[in-house]
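Written out below as structure tokens is the structure these notes cover.
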């Protein structure tokens, strides 16, 4: 499957709105709910505006993962970019119907290239202790387990723990 990874733009509001709505139940089995208010078109528009403002400040890079026909398969982003420490945090979410197809691994590999282009030398990521697939994606892409955080979020009525990963980016 051909993947296209491109920057998020304001014109993606409807595409992202439908993606988030369609995958909400699936995402909320792994990550904390964004709350009911998020799942309105206007809220997704505001969310994109916030991300674009952070991008303008050099603090965030948001990207969409699509197939060749433009179907949205997922999102990948680099957040909490700190120019002083040359570090950032990686996050991604893949539509349920596209998991297990290598989409996340390829998107993370691409995000590592983008992180290098932005001068980052360290990229951090977290995965819940029960999300083995996400842990494997990170490890396949050179992330090393560095810590465990307890009581990180509430997911599906349970308090979850997360594993912390770090990738010290090479210049290659």
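The values are calculated or read from the model by the stated rules, or taken from the named source; none is laboratory data. Note that the structure is predicted; figures quoted are calculated from it, not measured. Virtual Cβ from ideal backbone geometry, glycine too; neighbours counted across all protein chains shown.
What are the residue pairs meeting all of these: first residue in region 147-172, first residue farther than 19 Å from residue 91 by Cβ, second residue at pLDDT below 80 and in a strand (DSSP E or B), Cβ atoms under 8 Å, and 6 or more apart or on different chains?
The qualifying pairs are 159/153.
Is it true that some residue in region 51-61 is modelled with pLDDT of 90 or more, closer than 27 Å to residue 117 by Cα, under 17 Å from the mean Cα position of the chain (by Cα) and assigned to a strand (DSSP E or B)?
Within region 51-61 (the criterion being modelled with pLDDT of 90 or more, closer than 27 Å to residue 117 by Cα, under 17 Å from the mean Cα position of the chain (by Cα) and assigned to a strand (DSSP E or B)), the answer is yes, since at least one residue qualifies.
Just one of 115, 83, 107, 111 is surrounded by fewer than 17 Cβ atoms within 10 Å (Cβ to Cβ) and closer than 19 Å to residue 51 by Cα; which is it?
Selected residue: 83, the only one of 115, 83, 107, 111 that is surrounded by fewer than 17 Cβ atoms within 10 Å (Cβ to Cβ) and closer than 19 Å to residue 51 by Cα.
Could you go through region 133-146 and let me know if any residue there is in contact with a strand residue (DSSP E or B) (Cβ under 9 Å, 6 or more places away or on another chain), on the phi > 0 side of the Ramachandran plot and surrounded by fewer than 20 Cβ atoms within 10 Å (Cβ to Cβ).
yes
Among the residues of region 20-32, write down those that are more than 15 Å from residue 91 (Cβ to Cβ) and in contact (Cβ under 8 Å) with a residue 40 or more places away in the chain. Talk me through it step by step, then tell me what you get.
Initially, region 20-32 is screened for residues more than 15 Å from residue 91 (Cβ to Cβ), giving 21-22, 24-26, 28-29.
Correct list: 22, 26, 28, 29.
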